[in-house]
Amino acid sequence: QVQLVESGGGLVQPGGSLRLSCAASGFTFSSDSMSWVRQAPGKELEWVSSIYSSTVSTIYADSVKGRFTISRDNAKNTLYLQMNSLKPEDTAVYYCAKGGRGSWRAVGSWGQGTQVTVSS
């Protein structure tokens, strides 16, 4: 059974940093692309970033480019999202996802999400 469990969310001040983690199980993590998707209150889902399995390629939404970094540790079956220079508009529930290469519509499996709140 595919399981994706996010952690690392919380309350942070504008300009601060957080590192989200996603523990994956139930599938061959190293063979799949992985993504982060977020949803702000009252807003549509927004694809944030993806990382590929067979290459070192990473892609980002324009809204987070230069501030967020996606990475993975295949030995630990763990996906990460390093978030720097956080802004109030980054406030959202962040979901770890299997698949979703460039679009949340391509997601195959979802985690439960972790809340990130950016506020002074």
*Ignoring everything but the protein chains, give the 1.4 Å probe accessible area of residue 62 in square angstrom, nearest 10.*
130 Å²
_Accessible area expressed per residue, the stretch 77-120, with surrounding protein chains retained (probe 1.4 Å, Å²)_ = 46 Å²
*When we measure straight from the Cα of residue 43, which aspartates and glutamates land under 16 angstrom away, once same-chain ones fewer than 8 places off are left out?*
89, 90
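Just to confirm, what accessible area per residue do you get for the stretch 9-55 at 1.4 Å probe, in whole Å²? Write out the running numbers ahead of the final one.
Working: 2230 Å² over 47 residues.
Solvent-accessible surface per residue comes out at 47 Å².
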*asked:* Principal axis extents for the chain, Cα atoms only, whole Å, descending order, please.
replied: 40, 26, 26
*Once fully extended, how much extra length lies between residue 61 and residue 112, figured as 0.36 nm per residue of separation less the alpha-carbon to alpha-carbon distance?*
16.2 nm
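Of 47, 104, 36, 110, which has the most accessible area with a 1.4 Å probe, and how do the rest follow in descending order? Before the final figure, lay out the partial values.
Working: 47 35, 104 75, 36 0, 110 100 Å².
If we order 47, 104, 36, 110 from most to least accessible, we get 110, 104, 47, 36.
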*How big is the charge dipole of the chain about its Cα centre, in debye rounded to the nearest 20, if each Lys and Arg gets +1 on its Cβ and each Asp and Glu gets -1 on its Cβ?*
120 debye
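With a 1.4 Å probe and every protein chain kept in, tell me what percent of the accessible surface of the chain is carbon plus sulfur.
On the way: 2800 of 6090 Å².
C and S fraction of accessible area: 46 percent.
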_Label zone at residue 77 (point 7 Å along Cα-to-Cβ), backbone N below 16 Å, the stretch 28-49_ = 28-34
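The values are calculated or read from the model by the stated rules, or taken from the named source; none is laboratory data. Just so we're clear, the structure is a prediction, and the values are computed from it rather than from any experiment. Reconstructed Cβ throughout: ideal geometry from the backbone, glycine too, with neighbour counts over all protein chains shown. SASA here: full protein model, heavy atoms, side chains in, ligands and nucleic acids out. Shrake-Rupley method; radii C 1.70, N 1.55, O 1.52, S 1.80 Å.
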